[in-house]
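Here's the structure we're looking at; comments come further down.
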Amino acid sequence: MNAIGPVEPGEGTTAPRPEPRPAAGGSTGHPTAPRRALVAVLAAVLLLAAGGYLYATRPHVPPPAPPVPSQLPFPAQVVDVTFVGPHAAPPGASPQTFAFEVLLSVDAGPEVTVTRVSQPYAGLSLTTAPRTPFRTAAGTARTIVITMHVTECGTVPENAGLPFLDVTLRNTRAIQEQSFILGPRYARALSQALQVACSNESG
């Protein structure tokens, strides 16, 4: 006798369970997006923790200590004074007054303070612009106007051979007095200015 219908399982056998069908759009229905976000957050936290550990455990190099005064140059070693040329006397000055320009430069080291400028002749008085004390930083130069006034012609030379300026310098290393010989141009200019000033006095 033939019968049409589903085949019944025999004794001792079980029918396989049907697989669950995926939801529309290919998704299995599991919450994978939140899991991915959680994994990304955990990875970022681990990276930050590892970076902080490396920063805390690596050796730190301290900044270099400032140089002690004994390692700094003496001011006379880094300062130079050169003659520039004649300068107009201040308005209203007497006929026995004349002026020059010099250039003071500082090559290196800390800033240098000029506390005094003088010259060797007793019959001359001297002032500077800017007035002392003044400071000049390393790597810069400053123009100084030296104004001289003849107070007694009998004590100044008619022809200055090697005239110089005495400059007192100070930095964080030391205080020094340095004599700067300004060369033949300054010697000629000074001799001419003295001759004119003393001829004016005689007149």
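Each reported figure results from applying straightforward, stated rules to the coordinates on display, with no laboratory input. The structure presented is a predicted model; accordingly, all values stated were derived computationally and were not measured. Cβ: placed from backbone, ideal geometry, glycine included. Neighbour counts: every protein chain shown.
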Exercise. How far, in nm, would the chain grow between Val41 and Val196 when pulled straight, counting 0.36 nm per residue and subtracting the alpha carbon separation?
Worked result: 46.7 nm
Exercise. Quick one: net charge of Val167's neighbours, Cβ under 10 Å, K/R +1, D/E -1?
Worked result: -1
For this session: Sort the following peptides by mean Cβ neighbour count (other Cβ atoms within 10 Å, averaged over residues), highest first: 178-186, 37-45.
Result: 178-186, 37-45
Exercise. If you take the beta carbon distance between Ala122 and Arg188 as r and set R0 to 22 Å, what does 1/(1 + (r/R0)^6) give as a FRET efficiency, to the nearest 0.05?
Worked result: 0.55
Problem set entry | FRET efficiency, Thr140 to Leu162 (Cβ-Cβ, R0 35 Å, nearest 0.05) | 0.80
Problem set entry | Ordering of 116-128, 86-98 by burial proxy (mean other Cβ atoms within 10 Å per residue, highest first) | 116-128, 86-98
Exercise. How big is D, in µm² s⁻¹, for the stretch 70-202 by Stokes-Einstein at 25 °C and 0.890 mPa s if Rh is the Kirkwood radius over C-alpha pairs?
Worked result: 160
